[in-house]
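Trainee: Sharing a structure here in structure tokens format.
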Amino acid sequence: MDAAFALLEREGEDALTLRRLARDVGVTANALYRYFSSRDMLIAAAADAVAQRLYLAIEQAMAELPRDTDNKARVRKLLEVYSGFAERNPTLYRIFLGARREAASELPHPRYHELLWPMVVAIVEPLTGADDAPAAAVTLWGLLHGIWSLRQADVLGGKKPSEIDDYAFDALIQGLRALTT
């Protein structure tokens, strides 16, 4: 995966093929077919490795928060970690979003794409309650992805990314509170 990530960062997703990766690591393409049955499977494996990095970053950030950190601050930290990860790793983040589910289903466990979801729901749940946590988590993810996409397109209307993050986070928290009271 390190070689795949390096190739992705240098040349983008189109360059990530089994033949090209095999050449970069000094093996035959047939050798990689033992691990990846197709390019889609290679992309899915790369996406899951990205998900693992994001999962571990969120896990570490949550563990570093003081025990008495309120729920709003935990969700805020989640937003910062996720947003920062996407901003620092745009090519990897695109791979993370683009993996095909069919290919990902062939990956061995644990599948970090699948582990991220319950982690995010658990962080949001204390603010929303169990029934609303999944919808709130999807809303949070959509908000984060939308802001990232606007940054990538450089269409923030002259606003600094941090201003957009702060406004979006405050609006989300106010909305969640309004729904749960």
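Trainee: Of all accessible surface on the chain at a 1.4 Å probe, what whole percent is carbon and sulfur?
Mentor: In the chain, the share of accessible area belonging to carbon and sulfur is 52 percent.
Trainee: Still on this model: Just reorder Arg20, Arg34, Arg100 by solvent-accessible area, largest first, 1.4 Å probe, all chains present.
Mentor: From most accessible down to least: Arg34, Arg100, Arg20.
Trainee: Hey, can you find the accessible area per residue of the chain for me, probe 1.4 Å, expressed in square angstrom?
Mentor: Computed with neighbouring chains in place, this is 56 Å² per residue.
Trainee: Mind listing the long-range amide H neighbours of Thr69? Cut-off is under 5 Å, sequence gap 5 or more, other chains count too, H placed in the peptide plane at 1.01 Å from N.
Mentor: none
Trainee: Mind jotting down the distance between the C-alpha centroids of the range 10-45 and the range 67-101, whole Å?
Mentor: Cα centroid to Cα centroid, the span is 27 Å.
Trainee: Positive end of the charge dipole of the chain (Lys, Arg +1 and Asp, Glu -1 on Cβ, about the Cα centre): tell me which of Pro66, Thr28, Leu79 has its Cα farthest that way.
Mentor: Working it through, the farthest residue towards the positive pole turns out to be Thr28.
Trainee: May I pose another question? Karplus couplings for the range 43-59 from phi (6.51 cos²θ - 1.76 cosθ + 1.60, θ = phi - 60°), rounded to Hz, Gly and Pro as x?
Mentor: 4, 4, 5, 5, 4, 6, 5, 5, 4, 4, 4, 5, 4, 5, 5, 5, 4
Trainee: Next up: In the chain, what is the volume of the convex hull around the alpha carbon atoms, normalised per residue and reported in Å³?
Mentor: Given the Cα convex hull of the chain, per-residue volume reads 125 Å³.
Trainee: What value, in deg cm²/dmol to 500, does the helix sum -39500 (n - 2.57) over DSSP H runs of n ≥ 4 give at 222 nm once divided by the residues of the chain?
Mentor: Rounded to the nearest 500, the figure is -24500 deg cm²/dmol.
Trainee: Additional query: With θ taken as phi - 60° and the coefficients 6.51, -1.76 and 1.60, list the Karplus ³J(HN,Hα) couplings across the range 152-163 in order, rounded to whole Hz; mark glycine and proline as x.
Mentor: These are the phi-based 3J(HN,Hα) values: 4, 7, 6, 10, 8, x, x, 7, 6, x, 5, 5 Hz.
The values are calculated or read from the model by the stated rules, or taken from the named source; none is laboratory data. Here the structure is a predicted model, which means the values were calculated and not measured. Glycine also receives a Cβ, built like all others from the backbone with ideal geometry; neighbour counts cover every protein chain displayed. To get the accessible areas, we keep the full protein, side chains included, count just its heavy atoms, and leave off ligands, DNA and RNA. Shrake-Rupley method; radii C 1.70, N 1.55, O 1.52, S 1.80 Å.
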